[in-house]
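Report on the structure given below.
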Amino acid sequence: MANKRILIVGSGPSVYGCLLALKDFEDLDVTIIDNSNINKEEKDSCIFDSEFKYSNRITTEDAFETETLELLKHTANVSKSFGGFSNVWGGTYDTPSKKTLEEFKKLDIDLEDSINFIEQNIPKYTGTENYEYFIERLQNSDLHTKRSKIAISKDRVNEINDKEKCTECGSYKWSCKNTSIWSSKKEILELIETNYYKYIPNAKLIKFEEIEDIVKCSIDFKDGLKECHFEKVFIGCGPIGTSIIALNSSIVNKVKFRSSDLIQLPYVKFKKTANKATSFADIFAYDENNNFYLQFYFYSKSVLKLAGNVIKFTNINRFFPHNFLNYFGGVFIYLDQDLSSNFELYKEKGKLFINKFEPPNKQKSIRKKIFKKLRKSGFYPINFLYKNLKYGKSYHYGSQFSHSIKSKNHFTDIYGRLNNLNNSYIIDASVLPSVNTGPVTNTIIANSYRIVSEVITHFENE
């Protein structure tokens, strides 16, 4: 199997899953290209005194070619690096929903072993605060609840019991660093160095074509456009980047994205909670039918700094003592894809265009139902401040090339091969059976690990 050339495109969670699978195989000539540079050094100062100081949580600059960015910047706000998960700030972590697992099973895909394997590779943190009062009331409103988990960097695990506070944001010092949250970036770097893979930063796959058993790739390197040949190509650029490659390669001429719309809603509560010393989510709650998924945040000064780009009044948090903030919080409400808006990318005369689709009318009734359950559970929404973020701004969108038992137009087979391709595989959120209403990273990594493990096993036996 020596000299078998493999190209991996991207550096997000799906590529992490891909590399986890590849490390069990020998004699592979692996090249990884990425549209940024994962060797960039991270600051270890308080993240709220740098990235979020001016409420600039996420940027979209330079994420895509100019015309695409112009179309998307007001609709699909996408992080410019590492799949959008936890390279800047984030880390909310949960297992796939029951609905998602059932959809995989309908495709004869058993994801359980891959999920268990991934769980062992990512350390998690769960807060110790007592929220039983609210958990009990949420359950009385016929909701399922979980204590939230945050994926933590291995470098910070031993510091979790350190209670020293940061003077800038009021959080525990260990929790407010760029390096606190688990990042695909660090893990990928470690796998590259350990396995001696070739890594080329600032390189972008423009298009590809399959010719017999070879994939001919047009790659934009720093010193210009070049043609390269590989036996296998794994694409993990995230739904937008992957779709642009498919459009450029004329594999499809139109791509429709499904989405999980996000509503952000501040609330007041009359039951005081303890002073909070992280910016992390506190409780997850969701309904049996997976219509919605709730992430509750009890306010702290760092949470308000984090919210500044969405709810502007939060920038006055410096005037409020913690004891006052304890009566306030915010909830992220993720809606099922069947209740959400979506958008469509298409190419015409060499340029990309977008169509936007509003959510179905039944979304209004589900909102009322959610707000009623919140009030019943002791959370009183400040309705006039809620903000509905549509067209993918929740980062939960994709499934535009979802798996199918049989490969057909705009679908992939269970190995991520689109429209009857043979040696090119999509491994990111593009191929999930549906858009998760809750945290999706675990699902993406596990599915990528499954695809690559099975593909390379077959490849080795050829």
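Values in this text are rule-based calculations from the coordinates and carry no lab data. Predicted model only: the values in this text are computed from it and were never measured. Glycine also receives a Cβ, built like all others from the backbone with ideal geometry; neighbour counts cover every protein chain displayed.
So here's what we get for this one:
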item: Label-to-label distance, nm, for residues given as Asn161 and Ile206 (7 Å Cα→Cβ offset); result: 5.7
item: Gain upon complete extension [Lys146, His410; 0.36 nm per residue less C-alpha separation]; result: 91.5 nm
item: Kirkwood estimate for the stretch 205-245, i.e. one over the average of 1/r between Cα atoms, Å; result: 10.9
item: Cα→Cβ-extended label distance, 7 Å offset, between Asn289 and His458, nm; result: 3.8
item: For the stretch 214-304: Kirkwood Rh in Å [reciprocal of mean 1/r, alpha carbons]; result: 18.4
item: Kirkwood hydrodynamic radius of the stretch 118-238, from inverse mean 1/r over distinct Cα pairs, in Å; result: 19.1
item: Residues Asn116 and Asp29, FRET efficiency given R0 of 25 Å [Cβ-Cβ distance, rounded to 0.05]; result: 0.25
item: Label point at Gln139 placed 7 Å out along Cα→Cβ; residues across the stretch 349-384 whose backbone nitrogen lies under 18 Å; result: 374, 376-379
item: Paramagnetic label zone (point 7 Å from Cα along Cα-to-C-beta, Ile214; backbone N under 17 Å) in the stretch 231-252; result: 231-233
item: HN-Hα J in Hz across the stretch 242-247 - Karplus 6.51, -1.76, 1.60, θ = phi - 60°, x for Gly and Pro; result: 5, 5, 5, 5, 5, 5
item: Listed residue (Leu191, Asn178, Pro201) projecting farthest to the positive dipole end of the stretch 144-214, Cβ model; result: Asn178
item: Mean Cβ count within 10 Å, highest first, over the residues of peptides 180-186, 122-128; result: 180-186, 122-128
item: Residue-span extension gain [Lys98 to Asp49] - 0.36 nm each, minus C-alpha spacing; result: 13.7 nm
